[in-house]
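Notes follow once the structure below has been shown.
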Amino acid sequence: MQIVNSDESLQRFMGDLRSQYQVHRYLRISIKTGKARTLPQNDITHVWYGQIARELPEDDALGWRCYCKLHHGVPIMRAEDAEFQCMYDSIIKGRTYEEKLLMMKYLPVTSLMSRKQLSTYAEAVQADFRARGVFLVFPGSES
């Protein structure tokens, strides 16, 4: 993956692209637009998994992370990323619930998300756990 965010990086990318085409004569290119999410946006969900584990001790932070990725992240990615949907449906969809949860330890889901997708994910996680009596808040907001 390359990030193009300046005229210079665009020139480097075009050179790399041209070189790869000369060697392989076939390229499959995926372009994602928009800025990556911020570090605080990335960190907050990990803080939440710990909070959820403290308040709902039937699972640990990793278990809740896997649950959230499967129940909230996967639907977002399947709806908005055709490649992810194809991969998920062909490899994971037919597996047992327990196998799916285990796969969430290793499958990138939230790390593939844009800022907007991660915001949607965070809101879905908040709503899910609010219904269970766990109030997850963004830093600087009131509970």
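The values are calculated or read from the model by the stated rules, or taken from the named source; none is laboratory data. Fair warning: this is a prediction, and the values are worked out from it, not measured in the lab. Every residue, glycine as well, gets a Cβ built from its backbone with ideal geometry; the counts of neighbours run over all protein chains shown.
Quick notes
- Residue that is surrounded by the most Cβ atoms within 10 Å (Cβ to Cβ) [pool: residues in segment 119-133 that are modelled with pLDDT of 95 or more and hydroxyl-bearing (Ser, Thr, Tyr)]: Tyr121
- Test result for Gln117, assigned to a helix (DSSP H, G or I), touching an Asp or Glu at 6+ places or on another chain (Cβ under 7 Å) and within 27 Å of Arg28 (Cβ to Cβ): yes
- The single condition among (1) under 30 Å from Ile31 (Cβ atoms); (2) small (Gly, Ala, Ser); (3) modelled with pLDDT under 95 that Ser141 does not satisfy is (1).
- Taking the criterion of being without any contact (Cβ under 8 Å) to a residue 12 or more places away in the chain, in contact with a helix residue (DSSP H, G or I) (Cβ under 9 Å, 6 or more places away or on another chain) and not basic (Lys, Arg), the residues of segment 58-105 that qualify are Asp59, Asp60, Pro75, Ala79, Gln85, Asp89, Ile91, Tyr97, Met103.
- Test: residue in segment 26-44 that is assigned by TED's automatic domain parsing to the domain that holds Glu98, in a helix (DSSP H, G or I), hydrophobic (A, V, I, L, M, F, W, C) and modelled with pLDDT of 85 or more: yes
- The single residue among Arg78, Arg65 that is of a type in the set (Lys, Arg), modelled with pLDDT of 95 or more and more than 21 Å from Arg130 (Cβ to Cβ) turns out to be Arg78.
- If you filter segment 46-57 down to residues that are without any contact (Cβ under 8 Å) to a residue 24 or more places away in the chain and surrounded by 16 or more Cβ atoms within 10 Å (Cβ to Cβ), you find that the one that is farthest from the chain's Cα centre (by Cα) is Ala53.
- Matching entry among Glu98, Glu83 (being of a type in the set (D, E, K, R), within 19 Å of the chain's Cα centre (by Cα) and in a helix (DSSP H, G or I)): Glu83
- Screening the candidates Val134, Val125 for the property of being in a helix (DSSP H, G or I), in contact (Cβ under 8 Å) with a residue 60 or more places away in the chain and touching a helix residue (DSSP H, G or I) at 6+ places or on another chain (Cβ under 6 Å) yields one hit, Val125.
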